[in-house]
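*Asks:* Shown below is the structure under consideration.
The values are calculated or read from the model by the stated rules, or taken from the named source; none is laboratory data. No experiment lies behind these values; they were computed from the predicted model shown. Here the Cβ positions follow ideal geometry from the backbone for every residue, glycine too, while neighbour counts run over all protein chains shown. Note: areas computed on protein heavy atoms with side chains; ligands, DNA, RNA excluded. Shrake-Rupley method; radii C 1.70, N 1.55, O 1.52, S 1.80 Å.
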Amino acid sequence: MFVLYVVDHPLIKHKLTIMRKKETGPKEFRELLREITLLITYEATRHIPVYELEVETPLEKTKGYYINDKDIVVIPILRAGLGMVDGILELLPNASVGHIGIYRDPETLKAVDYYFKTPKLHDKSEIFILDPMLATGVSAIDAITKVKELGGKQITFISLISSPEGVKAIEKAHPDVDIYTASLDRELNDHGYILPGLGDAGDRLFRTK
Ligand code: URA
């Protein structure tokens, strides 16, 4: 069953508000995106399986629990998704990282793929696709479709800000994929930007405007 999980912890709300401010510069913007991604990851990984292995404390043996971090695959959608990689890897340092290059044609708003490289995917892979702005959902749906074609089954989408239109589009195309986000904003404008949003996440991360 499709789940939209808005992780609206006070720390996340506070940090996201600073990111939205138009005066916030790239250094702070990058740091905050990394921190919020780490905080969302804490919630977005609740479902991942643990296996038991005995551990010996200085006093006695007891049950221990580990995650199989070899099965975790993090896939940022280029380019803004790159700003989320360090935050998730801080909690999952042994995860593999794939990359998907998709841009939205500004005329047609359709997805155009230009790069795709991921580690081997299988039905046990725990896949986290990252894009800070879930706007029209076109790139997200395209990325999820490709990941499924390569054998991915357990897929979670993590965004910073989502639009109702993007969420609906993913729910329709991929109802088996859960979305974790810090905010569900009001709407998209005619250019596919999220309102109130924070502007162009890629430009703000990489100072390209
Ligand atoms: N991509 C962005 O960077 N910002 C938006 O508002 C929508 C898509």
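*Asks:* Can you give the longest run of the chain that contains no GluC sites (Glu not before Pro) sitting in a DSSP loop with at most 10 other Cβ atoms inside 10 Å?
*Replies:* Between exposed loop sites, the widest span is 108-209.
*Asks:* Please compute, over every Cα-Cα pair in region 83-177, the percentage with a separation greater than 22 angstrom.
*Replies:* Here the tail beyond 22 Å accounts for 26 percent of pairs.
*Asks:* Moving to a separate point now. Divide by every residue of the chain the summed helix terms, -39500 (n - 2.57) for each DSSP H run of at least 4, and state the resulting mean residue ellipticity at 222 nm, rounded to the nearest 500 deg cm²/dmol.
*Replies:* It comes out at -10000 deg cm²/dmol, rounded to the nearest 500.
*Asks:* Oh, and also: Between region 10-55 and region 131-191, how far is it from one alpha carbon centroid to the other, in angstrom?
*Replies:* Distance between centres, Cα-based: 18 Å.
*Asks:* Which semi-axes, in whole Å and largest first, does the equivalent ellipsoid of region 1-77 have when worked out from the alpha carbon gyration tensor as the square roots of 5 times its eigenvalues? Intermediate results must be reported in sequence, preceding the final value.
*Replies:* Values: eigenvalues 233, 52, 34 Å².
Largest first, region 1-77 gives 34, 16, 13 Å.
*Asks:* Restricting things to alpha carbons, tell me how big region 48-101 is in terms of Rg and Dmax, in Å.
*Replies:* 15.6, 51
*Asks:* Starting from the Cα coordinates of region 113-168, work out the convex hull volume and express it per residue in Å³. Please list the in-between numbers first.
*Replies:* Numbers: hull volume 4.5 nm³, N = 56.
Dividing the Cα hull volume of region 113-168 by its residue count gives 80 Å³.
*Asks:* With an 8 Å cut-off on Cα pairs and a minimum separation of 6 or more residues, tell me the relative contact order of region 83-209 in percent.
*Replies:* After rounding, I find 20 percent.
*Asks:* Please list the three semi-axes, largest first and in whole Å, of the ellipsoid equivalent to the chain, using sqrt of 5 times the eigenvalues of its alpha carbon gyration tensor.
*Replies:* 29, 20, 15
*Asks:* Now, a different point. Sort all Cα-Cα distances of region 147-198 into consecutive 10 angstrom bins from zero, then give the percent of pairs in each bin up to the one containing the longest distance.
*Replies:* 24, 48, 23, 5
*Asks:* Share of the chain's accessible area from carbon and sulfur, percent, 1.4 Å?
*Replies:* Answer for the chain is 54 percent, counting heavy atoms of protein chains only.
*Asks:* Now for a different question. Roughly how big is region 5-97's charge dipole about its Cα centre, with Cβ charges of +1 (Lys, Arg) and -1 (Asp, Glu), in debye to the nearest 20?
*Replies:* With only Lys, Arg, Asp and Glu charged at Cβ, the dipole is about 600 debye.
*Asks:* Here's something else I'd like to know. Tell me, what is the per residue accessible area of region 115-209 in Å², probe radius 1.4 Å?
*Replies:* 45
*Asks:* Still on this model: Would you please give the residues with an amide H less than 5 Å from that of GLU126, counting only those at least 5 places away or on a separate chain, with H modeled from the backbone geometry?
*Replies:* Amide H neighbours of GLU126: ILE72, VAL73.
*Asks:* Taking only Cα atoms of region 31-144, what ratio of Rg to Rh do you get with Rh as the Kirkwood inverse-distance radius?
*Replies:* 1.09
*Asks:* Only loop residues by DSSP count here, and only those with at most 14 other Cβ atoms within 10 Å; note down the trypsin sites (Lys or Arg not before Pro) in region 1-63 that meet that.
*Replies:* LYS21, LYS22, ARG46, LYS63
*Asks:* Ok, one more. Would you mind calculating the relative contact order of region 1-94 from Cα pairs under 8 angstrom and at least 6 residues apart, reporting the percent as a whole number?
*Replies:* Values: 73 pairs, mean separation 25.7, N = 94.
It rounds to 27 percent for region 1-94.
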